[in-house]
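Student: Here's a structure for you.
The values are calculated or read from the model by the stated rules, or taken from the named source; none is laboratory data. In this text, all values refer to a predicted model and were calculated from it rather than measured experimentally. Cβ sites come from the backbone with ideal geometry, for glycine too, and all protein chains shown count toward neighbours. Remember, those area values only see protein heavy atoms, side chains included, never the ligands or the DNA or RNA. Shrake-Rupley method; radii C 1.70, N 1.55, O 1.52, S 1.80 Å.
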Amino acid sequence: MPTRDTGAAQFVNQHPSWDGRGVTVGIVDLGVDLDHASLNTTSTGQRKIVDWVTATHPSQDGDPSWRFFTGALTTISGGTFTAFGRTYTGFPIDGQYRVARMREDLLGATSEYGIACSGGGTGSDLDRNGACGDFFAIVWRPSDNTVWVDADGDASFADEDTAGLKRYSVNHDVHYFGHDNPATAVRESVPFTVEPLTDPVDGLFWVNIGIVAGAHGSHVAGITAGNSLFGGQMSGAAPGAKIVSVRACLFTAGCTSHALIEGMIWVVETADVDV
């Protein structure tokens with residue numbers, strides 16, 4: 001990053017408190033990595049990513065991270081229910097829910113977190129377990145927009161976040177696909193958010209699984225507001241700034257006009273960003 005050539009590094013050195021603190025920047029891109037150490041906190045120790053949403057259209061943009069829930073309700077009794085040919089156990093609260101699934105075979109192999117399938121198969125190995133045909137059950141309680149995900153695909157919710165997940169802006173909930181093996185150099189667990197949506201026009205039910213579609217959004221966020229990059233050797237232009245992440249791009253290729261326009265409107269009107 002040419003921060004010296006643009007004078008950004010010298011500016012912050014001369015004015016240490018003028019480093020973006022008190023400013024929120026909207027990044028309308030491929031999504032910002034929720035796990036990157038330099039994008040976790042600001043220079044003053046505050047949370048850096050304050051919201052994370054997806055601006056693609058649930059039904060018209062072909063974005064497989066939007067999962068459709070049919071009108072039928074699923075009864076969960078004794079913590080057990082059947083869906084997609086599997087019996088699930090360990091669900092924390094009995095009742096009536098909507099159920100869908102996140103499918104690896106729909107994701108493009110070029111996704112930042114995806115690993116191309118062996119043998120030329122379609123999709124990505126989202127949980128990095130060596131197989132690309134997995135799917136992960138999603139249970140949604142529309143009454144309070146709480147979502148549960150069988151994120152390791154073992155057909156049990158007993159080892160998941162039993163309290164359920166809210167959209168990121170509510171409690172900053174982040175959950176993970178797969179389990180990390182600390183003995184490897186690659187982090188096998190993949191962070192994600194949830195975003196429930198009842199379409200106001202057609203009344204259909206959707207939940208977005210918020211995972212980044214590529215590295216560029218984190219790249220831009222790092223240039224803009226990365227804090228203590230490379231073990232503290234450098235920072236972005238405004239390490240004190242906070243970030244709102246809006247994903248406007250797909251998992252196959254490209255970004256949509258709808259998502260770019262709606263994403264820009266959203267950061268200005270709803271997130272009330274400064275930049």
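Student: Residue check, Ala253 against (1) in a loop (DSSP other than H, G, I, E, B); (2) surrounded by 24 or more Cβ atoms within 10 Å (Cβ to Cβ), all met but one. Which one?
Tutor: (2)
Student: Out of curiosity, is His219 within 18 Å of Val53 (Cα to Cα) and in contact with a His (Cβ under 6 Å, 6 or more places away or on another chain)?
Tutor: No: the conditions fail for His219.
Student: Also, I was wondering about something else. Suppose the filter is in contact with a helix residue (DSSP H, G or I) (Cβ under 8 Å, 6 or more places away or on another chain) and surrounded by fewer than 16 Cβ atoms within 10 Å (Cβ to Cβ); does Gly203 pass it?
Tutor: The answer is no for Gly203.
Student: While we're looking at this one, here's another question. Out of (1) modelled with pLDDT of 85 or more; (2) of a type outside the set (D, E, K, R); (3) surrounded by fewer than 22 Cβ atoms within 10 Å (Cβ to Cβ), what's the single condition that is false for Ile209?
Tutor: (3)
Student: Let me ask another. How do the strands (runs of 3 or more DSSP E) wholly within region 120-192 filter down when requiring 3 or more residues that are open to solvent by 40 Å² or more (accessible area, probe 1.4 Å) and among the basic types (Lys, Arg): which remain?
Tutor: Counting at least 3 such residues, we get no strands (runs of 3 or more DSSP E) at all.
Student: Here's a check for you: in region 11-50, which residue that is among the acidic types (Asp, Glu) and out of contact with any Leu (no Cβ under 7 Å at 6 or more places or on another chain) is nearest to His175 (Cα to Cα)?
Tutor: Asp35
Student: Going through Gly85, Gly95, Gly79 one at a time, which residue ends up being surrounded by fewer than 16 Cβ atoms within 10 Å (Cβ to Cβ), in contact with a Phe, Trp or Tyr (Cβ under 9 Å, 6 or more places away or on another chain), farther than 30 Å from Val268 by Cβ and not β-branched (Val, Ile, Thr)?
Tutor: Among Gly85, Gly95, Gly79, only Gly79 is surrounded by fewer than 16 Cβ atoms within 10 Å (Cβ to Cβ), in contact with a Phe, Trp or Tyr (Cβ under 9 Å, 6 or more places away or on another chain), farther than 30 Å from Val268 by Cβ and not β-branched (Val, Ile, Thr).
Student: Still on this model: Kindly evaluate Ala237 against the criterion of being open to solvent by 10 Å² or more (accessible area, probe 1.4 Å), within 28 Å of Ala151 (Cα to Cα) and outside any strand (DSSP E or B).
Tutor: No, not satisfied.
Student: Could you tell me which residue of region 264-275 is surrounded by the most Cβ atoms within 10 Å (Cβ to Cβ), considering only residues that are in contact (Cβ under 8 Å) with a residue 40 or more places away in the chain and more than 20 Å from Val170 (Cβ to Cβ)?
Tutor: Met264
Student: Could you please let me know if Thr87 is without any contact (Cβ under 8 Å) to a residue 60 or more places away in the chain and assigned to a strand (DSSP E or B)?
Tutor: No, not satisfied.
Student: Taking the stated definitions as given, is Pro64 touching a Phe, Trp or Tyr at 6+ places or on another chain (Cβ under 8 Å), in a loop (DSSP other than H, G, I, E, B) and within 19 Å of Trp206 (Cα to Cα)?
Tutor: yes
Student: To continue, here is another question. Of everything in region 40-70 that's acidic (Asp, Glu) and either at pLDDT below 95 or open to solvent by less than 10 Å² (accessible area, probe 1.4 Å) (or both), which residue is nearest to the chain's Cα centre (by Cα)?
Tutor: Asp63
Student: Inspect region 73-80 for any residue being outside any strand (DSSP E or B) and at pLDDT below 95 and give the result as yes or no.
Tutor: So far as region 73-80 goes, yes, one or more of its residues are outside any strand (DSSP E or B) and at pLDDT below 95.
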